Amino acid sequence: MQFPPWTSIDDAARLLHDGEVVAIPTETVYGLAGNAYLPSALAQIFAIKERPTFDPLIVHICEISQLADIAENIPDVAYALAKAYWPGPMTMILPKKECIPDLCTSGLPSVAVRFPSHPVAQEIIWKAGVPLAAPSANLFKHVSPTTAEHVAAQLADRGLAGIVDGGPCNVGVESTIVSLVGEPTVLRPGAITPEMIAKVIGDVKVKESTSKPGQAMAAPGQCDTHYRPQVPLFYGEIPEGFELPKNCVRIAFGNRPGVIPATLNLSESGNMLEATAKLYAYMHDLDDPKYDLILVDPIPNVGVGMALNDRLKRASIKIIDSNR
Ligand code: AMP
Ligand code: MG
């Protein structure tokens, strides 16, 4: 196989149908896809990512009618949300059908489903002819990929059958996850905000972040130390008296002055969507051993900013660690 193993849409669809694992673009982040009906393909996804099998996968479909192939007892609110925000960066948790292997849902009786808006993802799912399970195409706990090059750098030599290059992801953070099993609850913030969901279904709860020190994690995808680059990253206001190491870089947001000049700026005008699309790419860019610390400016914890805060808090070292 050539390195990197760039693959066409048609080849990817055929490989996926036959049980191979292929990285594909979506509007959120690149996904490491496999045939959702085949436990052997799902097992390969977990192995390539070094992801523990207790962390369930999201199943990707390419039309709303496919929802009924993989989920059952689908409430009306699910169809209302699908109509409003699919295709797009929103995942729904629903009771699963028998045909979805337990490996996909980590033994849970529910399944996570998403209809992505990326035209390349849609074409691949359509041509593969089966729903595709796909977590982010990175090693477990590392920064998610928003370009095909990010995928190649982390995974190209780990046994996947190919990578489809669909350009940079335009949303840039993982989908919003909303559980519709029991009371509607946002489990993971993303570009579809709780306000947007409440507008369609009336009311929605928001699960409290588990990223507080000392608190047990509720779901593995939401553990305390996810999304971390190799270079220590500190998110937020630098505590007074903290001595910065020699080679610091700073990811700025807006035009506030920082303790050091901005190295990169997520959005000079403070535009949250622009910042979301750039965040992971900047984290990859600055994840270079020549740097000692990456500082990231605080971002308002409102709207899509909630997704950025969620990821950055998990990516951040606690300042006490860097003082040791
Ligand atoms: P990702 O890391 O983007 O692949 O998203 C997968 C995440 O979705 C998991 O880590 C869980 O937090 C969540 N998830 C997937 N399936 C379920 C499910 N059946 N119930 C609750 N959360 C789920
Ligand atoms: Mg992930």
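Throughout, read-outs are computed from the coordinates displayed, never taken from laboratory work. Predicted, not measured: the structure shown is a model, and the values here were computed from it. No Cβ is skipped: glycine too gets one built from the backbone with ideal geometry, and neighbour counts run over all protein chains shown.
Side notes on the structure shown:
- Lone qualifier among S117, S136, S106 - being surrounded by 15 or more Cβ atoms within 10 Å (Cβ to Cβ) and on the phi > 0 side of the Ramachandran plot: S106
- Of the helices (runs of 4 or more DSSP H) contained entirely in the range 259-324, those carrying at least 2 residues that are closer than 13 Å to Y227 by Cα fall at 272-285, 305-315.
- Across the range 120-133, the number of residues qualifying as among the small types (G, A, S), buried (at least 22 other Cβ atoms within 10 Å of the Cβ) and farther than 19 Å from V171 by Cα comes to 2.
Residue-by-condition table, conditions (1) more than 16 Å from ligand 2 (Cβ to nearest atom); (2) touching a strand residue (DSSP E or B) at 6+ places or on another chain (Cβ under 8 Å):
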| position | (1), (2) |
| --- | --- |
| S110 | yes, yes |
| P119 | yes, no |
| P131 | yes, yes |
| A137 | no, yes |
| T146 | no, no |
| A152 | yes, yes |
| I163 | yes, yes |
| G167 | yes, no |
| V178 | yes, yes |
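- Qualifying residue in the range 159-176 (condition: among the hydroxyl-bearing types (S, T, Y) and farther than 15 Å from G303 by Cα): no
- Taking each residue of the range 123-149 that is more than 23 Å from C99 (Cα to Cα) and looking for partners that are of a type in the set (D, E) and more than 10 Å from ligand 2 (Cβ to nearest atom) with beta-carbon atoms closer than 9 Å, six or more apart or interchain, yields L139/E50; F140/E50; K141/E50; V143/D287; T147/D165; A148/D165; E149/D165.
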